[in-house]
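Visitor: To start, I am sharing the structure in question, which I have written as structure tokens.
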Amino acid sequence: NVNLKRVKCLKVLGVLIDEELNFVSHCKSIAKKCHNALWSLAPLKKVLNIYNKKIVVEALIKSIYSYACPVWLIGSRNILCVNRIIRACARFIYDKSKYESISDNINVDLQWLTAENTGKSEICKLVYKIQNRMGPTYFNNYVNLEISGSMNTRNNQYLHSAAVYNSKLGEKSFKCRASKVWLSLPVSITSSISTNGFNVFKRQLKVYFNELQCIDRMKQIFELLDEYELSN
């Protein structure tokens with residue numbers, strides 16, 4: 001006989017869960033925390049060198065937007081918001097204005113993952129722990145890793161998930177995203193999880209996603225060069 005009060009947003013373990021499950025409220029909260037932390041570091045911009053600024057940013061800001069990101073880092077709006085945070089942090093480290101390009105510094109010098117790849121990397125880490133029984137027992141066999149087919153490229157083989165979800169909300173679930181992301185990894189990484197330790201697996205993930213970012217960046221540069229040549 002207790003009336004439950006309806007709320008639009010509820011905090012659970014530090015994550016704001018809204019009634020529409022798009023996590024926009026949480027992303028806004030994360031952005032505010034990160035920008036406040038970055039603003040507080042402004043007096044150190046001319047004092048610390050690049051290496052020390054990187055350490056401080058990774059400790060104080062990167063830890064904020066990467067917390068529980070497999071849950072809330074979904075949707076183009078949230079991904080764009082976090083990418084803006086990452087670029088702002090990189091510009092702080094290299095003392096660049098918002099009009100200067102920072103993508104090459106992020107990919108090559110800092111070797112930071114973009115928002116989308118950060119989420120994918122964290123999801124893969126959770127799947128690794130589930131597959132190796134490193135988590136709670138109720139997560140055993142939680143992720144569907146059945147294979148419906150494969151696609152071969154020059155260097156890698158990619159697998160497709162057999163899991164089928166009949167709604168858009170189901171496609172946003174961790175089960176669906178985890179199976180798709182895991183099976184999109186090269187077989188050379190997923191086939192060795194039983195022999196390689198967790199730290200080795202994390203390094204492999206970082207190298208793999210960072211290489212993808214560098215390839216995408218090179219494609220952008222070549223496209224710009226082609227457009228420039230055509231215009232002249």
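The values are calculated or read from the model by the stated rules, or taken from the named source; none is laboratory data. Because the structure is predicted, anything quoted here is derived from the model rather than measured. Note: ideal-geometry Cβ built from the backbone for every residue, glycine included; neighbour counts use all protein chains shown. We work out accessible area using only protein heavy atoms, side chains counted, and drop any ligands, DNA or RNA first. Shrake-Rupley method; radii C 1.70, N 1.55, O 1.52, S 1.80 Å.
Visitor: Which residue, of LYS5, LYS33, is of a type outside the set (Val, Ile, Thr), more than 28 Å from GLU171 (Cβ to Cβ) and assigned to a helix (DSSP H, G or I)?
Guide: Of LYS5, LYS33, the one residue that is of a type outside the set (Val, Ile, Thr), more than 28 Å from GLU171 (Cβ to Cβ) and assigned to a helix (DSSP H, G or I) is LYS33.
Visitor: Which numbered condition trips up THR190, out of (1) β-branched (Val, Ile, Thr); (2) exposed (fewer than 15 other Cβ atoms within 10 Å of the Cβ); (3) over 17 Å from the mean Cα position of the chain (by Cα)?
Guide: Going through the list (1) β-branched (Val, Ile, Thr); (2) exposed (fewer than 15 other Cβ atoms within 10 Å of the Cβ); (3) over 17 Å from the mean Cα position of the chain (by Cα), THR190 breaks only (2).
Visitor: Let me ask you something else. How many of the residues making up region 71-105 are open to solvent by less than 10 Å² (accessible area, probe 1.4 Å) and assigned to a helix (DSSP H, G or I)?
Guide: Within region 71-105, residues that are open to solvent by less than 10 Å² (accessible area, probe 1.4 Å) and assigned to a helix (DSSP H, G or I) number 8.
Visitor: Among (1) open to solvent by 70 Å² or more (accessible area, probe 1.4 Å); (2) of a type in the set (A, V, I, L, M); (3) not in a loop (DSSP other than H, G, I, E, B), there is one condition ILE123 misses while meeting the rest; what is its number?
Guide: For ILE123, the failing item is (1).
Visitor: State which residue is farthest from LYS53 (Cα to Cα) when the search covers only region 106-120 and only residues that are open to solvent by less than 70 Å² (accessible area, probe 1.4 Å) and assigned to a helix (DSSP H, G or I).
Guide: Per the criteria, the residue is LYS120.
Visitor: How do the pairs read when you match residues in region 200-229 that are polar (S, T, N, Q) with residues anywhere that are surrounded by 12 or more Cβ atoms within 10 Å (Cβ to Cβ) and part of a helix (DSSP H, G or I), using Cβ under 6 Å and keeping only pairs 6 or more apart or on different chains?
Guide: Final answer for the pair search is GLN204/ILE189; GLN213/ASN107.
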